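Nothing in this text is a laboratory measurement; each read-out follows from the coordinates by a stated rule. A quick note: this is a predicted structure, and the numbers were derived from the prediction, not measured. Cβ atoms come from the backbone with ideal geometry, glycine included; neighbour counts cover every protein chain shown.
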Amino acid sequence: MLLQLEPVIRSNRFSEPLASPPSSLCCRGFQWIVDVLKRGASRSGQPVGDLIISLDASPEQQELLIKALELARSRSLAAKRGAIAEALAHGSTSSGAAISETDFLRLIEDLDVAHFEALRVLGEARDVHLMPRPAGTISPWHYEVDDIGKINPKLKGQEHRLLAVLAGHGLAAQHDEESFHIIRGCWSITSAGIELLPRFEAVEGEG
């Protein structure tokens, strides 16, 4: 794939179509890669070719670029492409940043839009006056499993699967012991989930 990109990289003409576009089987993936590179360059404030040169400066940055392009060629979700581009921009600054951003890409590889929607539910405090149980029974930051589908009907029936994946990545936590304002078995977002959420909200709605 990088060999197909090389003529465009050299000329920095990422806004122009290729004279010999890739085959139809990989055309969409190729377009997604170009999109990610253009977004990453825009975020880093440099031409695409310079961004790629920056990401070739160390083994850690090379690994980030390879991982980003692997993800980009198979991900049609615009918000995820935006997050991948953001990772490239951040990782181009140093080897240390590249290591952190590669870990971030490994994380989002397992997540789809439904996971982000569920995480978004957990990341918002509810109005205690609108909660379906007596005030004070459970805090606005804690949710029972079926609350996820009630708040976002698109997630109804998927709650257990989504929460299991989020918990596996340390983005959500289940509370096994009952205490003040916490019902046994309820869920809440973790600090890692709180840190992750803005990275997708910032690119939401991008085409």
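Working note: Karplus 6.51/-1.76/1.60 with θ = phi - 60° gives segment 103-116 the couplings 4, 4, 5, 5, 5, 6, 4, 8, 10, 10, 4, 5, 5, 5 Hz, where Gly and Pro are set to x. Please compare each pair in Lys80/Lys156; Lys38/Lys150; Lys80/Lys150 to a cut-off of 29 Å on the Cα-Cα distance and tell me which ones are over it. Beyond 29 Å between Cα atoms: Lys38/Lys150. Classify segment 140-181 as rounded, prolate or oblate from the Cα gyration tensor: take a ≥ b ≥ c as the square roots of its eigenvalues, call it rounded if a/c is under 1.5, otherwise prolate when a/b beats b/c and oblate if not. Here segment 140-181 falls in the oblate category. Across segment 43-50, computed HN-Hα scalar couplings (Karplus, 6.51 cos²θ - 1.76 cosθ + 1.60, θ = phi - 60°) run 5, 8, x, 9, x, 4, x, 5 Hz from first to last residue, x flagging Gly and Pro. Ordering Lys67, Lys150 by the number of other Cβ atoms within 10 Å of each residue's own Cβ, fewest first, gives Lys150, Lys67.
Can you figure out the FRET efficiency of Glu117 with Thr93, using R₀ = 25 Å and their beta-carbon distance, to the nearest 0.05? Approximately 0.20, to the nearest 0.05.
In this structure, the amide hydrogen of Ala172, modeled 1.01 Å from its nitrogen in the peptide plane, lies closer than 5 angstrom to those of Ala167, Thr190, counting only residues at least 5 positions away or on a different chain. By other beta-carbon atoms within 10 Å, ranking Val113, Val36 with the fewest at the front produces Val113, Val36. For Ser42, Ser191, the sequence from fewest to most other C-beta atoms within 10 Å is Ser191, Ser42.
In sequence order, segment 83-97 has phi-based couplings of 5, 5, 4, 4, 5, 4, 4, 5, x, 6, 7, 6, 5, x, 5 Hz under the Karplus curve 6.51 cos²θ - 1.76 cosθ + 1.60, θ = phi - 60°, and Gly or Pro positions carry x.
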